[in-house]
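These notes concern the structure reproduced below.
The values are calculated or read from the model by the stated rules, or taken from the named source; none is laboratory data. Computed from a prediction, not measured in an experiment: that's the story for all the values here. Every residue, glycine as well, gets a Cβ built from its backbone with ideal geometry; the counts of neighbours run over all protein chains shown. For the accessible areas, the whole protein counts, side chains as well, though only heavy atoms, and no ligand, DNA or RNA atoms are used. Shrake-Rupley method; radii C 1.70, N 1.55, O 1.52, S 1.80 Å.
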Amino acid sequence: MQSHSSQSNWLRSYYFTRAAFSSIWLSAAVLLGGQLGPAAFLLVIYPVWDALANLVDARVNGGLKANPSQALNVVVSLITALAVVIAVSNSTYAVLAVFGVWAILSGVLQLYTGVRRWRTYGAQWVMILSGAQSALAGGFMISQSLGTAVPTILDIVPYAGFGAFYFLLSAIWLVVAAYRKAQA
């Protein structure tokens, strides 16, 4: 396990990286979302990235055994990627439903990870809020998938946008906390 200082540095870098990826994904979704091939790729790569990010973060912080919520999130995200591959060939309604279920599950797991980290490293309120909002957004996506309006990748863009915002805010919050601690 890392020291408190190196862990805070890792989390800052990790959160900035997650914010950057989500921002790039969001931009690509808006620019390429009308094209079936690129949209399908983006829909699959998003949960794959989440699985990879959780895997790397868990390994840096003691391994998957020490981070059960992230280990489960890796599995959930990889299953989601496979489900998206299947759903893309079925319907956009199915894709949105898959993303909704994933948002709920990954949101609850992120919330748990944030609570667990708060005890040791603090400054996790944004990740806790993000996890809770992810779960609520998942419910909204599922309800949209049952509607009559034909879903597109643009229905997932707000979810990714809030994710980018929360990861960026978390990184900035940790920078401010480290600065305050250094000044004290």
- Note on the structure: Most fluctuating of Gly37, Gly139, Gly100 in the GNM of the chain (C-alpha, under 10 Å) is Gly37
- Pop the C-beta distance of Ser13 and Ala184 into the FRET formula with R0 = 25 Å and round what comes out to the nearest 0.05. 0.65
- Taking springs between alpha-carbon atoms closer than 10 angstrom, which of Ala137, Ala149, Ala53 fluctuates most in the Gaussian network model of the chain? Ala149
- Query: So for the pair Ser91, Leu146, with labels modelled 7 Å out along Cα→Cβ, what separation do we get in nm?
  - Reply: 1.4
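Please label the shape of region 5-94 as rounded, prolate or oblate, based on the square roots a ≥ b ≥ c of the eigenvalues of the alpha-carbon gyration tensor (a/c under 1.5 means rounded; beyond that, a/b larger than b/c means prolate, else oblate).
Since a/c reaches 1.5 but b/c is at least a/b, the shape of region 5-94 is classed as oblate.
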- Task: With θ set to phi - 60°, apply the Karplus curve 6.51 cos²θ - 1.76 cosθ + 1.60 along region 52-59 and write out the HN-Hα couplings as whole Hz, x wherever there is a Gly or Pro.
- Result: 4, 4, 5, 4, 5, 4, 4, 5
- Task: For every helix of n ≥ 4 consecutive DSSP H residues, a contribution of -39,500 (n - 2.57) applies; sum these over the chain, divide by its total residues, and give [θ] at 222 nm rounded to the nearest 500 deg cm²/dmol.
- Result: -29500 deg cm²/dmol
- Item | Thr17 accessible area, 1.4 Å probe, all protein chains in place, Å² to nearest 10 | 70
- Query: According to a simple spin-label model (label point 7 Å from Cα along Cα-to-Cβ), what is the distance in nm between Arg59 and Leu36?
  - Reply: 3.7
- Stokes-Einstein D (µm²/s) once Rh is taken as the Kirkwood radius of the chain over alpha-carbon pairs, at 4 °C in 1.567 mPa s: 78
- Item | Whole-number percent relative contact order across the chain, with pairs defined as alpha carbons under 8 Å at least 6 apart | 30
- Rel. contact order, % - alpha carbon contacts under 8 angstrom, at least six apart, region 19-98: 26
- Note to self: with every protein chain in place and a 1.4 Å probe, the chain gives an accessible area per residue in Å² of 50
- Note on the structure: Taking protein heavy atoms only, a 1.4 Å probe, and rounding to whole percent, the accessible area of the chain owed to carbon and sulfur comes out at 73
- Item | region 1-104: trypsin sites (Lys or Arg not before Pro) in DSSP coil with no more than 10 other Cβ atoms inside 10 Å | Lys65
- Applied in sequence order to region 151-167, the curve 6.51 cos²θ - 1.76 cosθ + 1.60 (Karplus, θ = phi - 60°) yields integer Hz couplings, x standing for Gly and Pro, of x, 9, 4, 5, 6, 9, 4, x, 4, 5, x, 5, x, 4, 4, 5, 5
